[in-house]
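Beneath this line is the structure, given in structure tokens, with notes to follow.
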Amino acid sequence: MSLQPPPKVRKLREALHAKAKGSPTYRFYALYDKVYREDVLAFAYRCCKANGGAAGVDNQEFADVESYGLKRWLGELAEELRSKTYRPQKTHVCRLPDESFDLVGYTIGRCYSPKTGRAYIGTRPSPKKIQRLNRRTSELTSCRWELLDHGECVRRLNRVLVGWANYFFWGSVSRAYRAVDAHARHRLRRWLRRKHKVPGRGTARFPLRYIYDTLGLIEFQLRPPNFPRAKA
């Protein structure tokens, strides 16, 4: 079930999106205070309830929360998050809940550690935001831009890619970055094939190192952790 966010949450999401798009080199460091905002927590609660979330280790169900007083319960949770005193109860339950929800462009839900394979609750770029970026990449490498020179085409791509990464750098991003890298190089190689009338897939004429080293296309996976600060 998809729920529409309340006006203030929607406005926050739109403001963050506009900032990331309008200022490609800006990096968002201070978002933690948005997590414990009353309207954000209330919307997260509604999403969990709509997904039919089950009781946790404390056996507390939605009915229990609402009997206690939803506003009171959310207020206490917000204060624990604000003061950084919140501690989840220890549990031996191995399986994490399946439900997840999207907030300000991120999907919050089950993630897996690439080192240990263990599941944890974390954030990752939402599939919708990845798809939107890939659509934009496709637009920038469509046949209408075949008259551009190589450098201008890559500069336009990099501007969009770096701006996206400036916002989506928090949490589990490796999988999203791989998908974005793969789509961007595929689209650029296709653009080059059409421009130069090269038959086939074009991998011999335009290998990876030509695309990344010679043309300078941004490659997320090979950049240092702070690369979103780089100028496109």
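Quick rundown of the values:
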{"item": "Long-range HN-HN contacts of Phe101 with modeled amide H, under 5 Å", "result": "Ile108"}
{"item": "Estimated FRET transfer efficiency when R0 is 25 angstrom, pair Arg118-Trp170 (beta carbons, to 0.05)", "result": "0.80"}
{"item": "FRET E, pair Arg155, Glu76, Förster distance 45 Å, beta-carbon r, rounded to 0.05", "result": "0.35"}
{"item": "J(HN,Hα) series, the range 7-15, from Karplus relation 6.51 cos²θ - 1.76 cosθ + 1.60, nearest Hz, glycine and proline x", "result": "x, 5, 5, 4, 5, 4, 4, 5, 5"}
{"item": "Environment charge of Tyr210, counting only residues whose C-beta is closer than 13 Å and scoring Lys/Arg +1, Asp/Glu -1", "result": "+3"}
{"item": "Segment Lys8-Ser67, extension gain: residue separation times 0.36 nm, minus the distance between their alpha carbons", "result": "18.6 nm"}
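A short reminder: the numbers here are calculations on the coordinates, not readings from a lab. These numbers come from a predicted model, not from an experiment. Here Cβ is always computed from backbone atoms with ideal geometry, including for glycine, and neighbour counts include all displayed protein chains.
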